[in-house]
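Colleague: Before anything else, here's the structure in question.
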Amino acid sequence: MYAIIKTGGKQYRAEEGAVLRVEKLNADVGDKVEFDVLMVGGDKVKVGAPTVKSAKVVAEVLRHGRGKKILVAKFKAKTNYRRKKGHRQWFTELRVDKIRLRAARTENKAEAEEA
């Protein structure tokens with residue numbers, strides 16, 4: 001089973017035990033964070049509108065860091081204009097502990113027991 005979550009303006013596919021690098025979060029190392037789920041996939045697919053109300057992804061913050069340097073170059077022909085700048089984006093590394101599904105009141109109890 002997997003879930004699609006959204007954080008930092010990007011969407012990520014989260015599976016239990018997976019390690020994700022997301023945009024920097026304001027959480028300390030070792031903290032647990034929860035994300036709303038846009039879609040749950042696997043044997044049975046659930047798509048939210050905009051989120052699946054009965055699902056959450058719980059992850060642990062492993063570390064914070066900065067990514068590889070990218071170079072940004074500006075150049076204009078014939079004017080002797082050249083600029084070179086580097087950028088390293090901050091990230092947070094997460095380990096997905098659990099994809100939690102709760103049965104909504106309108107769903108069958110049998111579906112809740114499957115999760």
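Colleague: Can you tell me which residue within region 67-93, out of those that are in a loop (DSSP other than H, G, I, E, B) and basic (Lys, Arg), is surrounded by the most Cβ atoms within 10 Å (Cβ to Cβ)?
Modeller: Per the stated criteria, the residue is ARG88.
Colleague: Could you grab me the full set of residues in region 53-70 that are more than 10 Å from LYS98 (Cα to Cα) and small (Gly, Ala, Ser)?
Modeller: The answer is SER54, ALA55, GLY65, GLY67.
Colleague: Would you confirm, using the coordinates I've provided, whether GLY17 is on the phi > 0 side of the Ramachandran plot and surrounded by 12 or more Cβ atoms within 10 Å (Cβ to Cβ)?
Modeller: no
Colleague: Any idea which of GLU111, GLU23 is surrounded by 12 or more Cβ atoms within 10 Å (Cβ to Cβ), modelled with pLDDT of 95 or more and not hydrophobic (A, V, I, L, M, F, W, C)?
Modeller: None of the others qualify; the one that does is GLU23.
Colleague: Considering each residue of region 26-43, count those that are surrounded by fewer than 11 Cβ atoms within 10 Å (Cβ to Cβ) and among the charged types (D, E, K, R), and give that number.
Modeller: Of the residues in that region, 2 qualify.
The values are calculated or read from the model by the stated rules, or taken from the named source; none is laboratory data. Remember, predicted model here, so these are calculated numbers, not experimental data. FYI the Cβ positions are ideal-geometry reconstructions off the backbone, even for glycines, and counts take in every protein chain you see.
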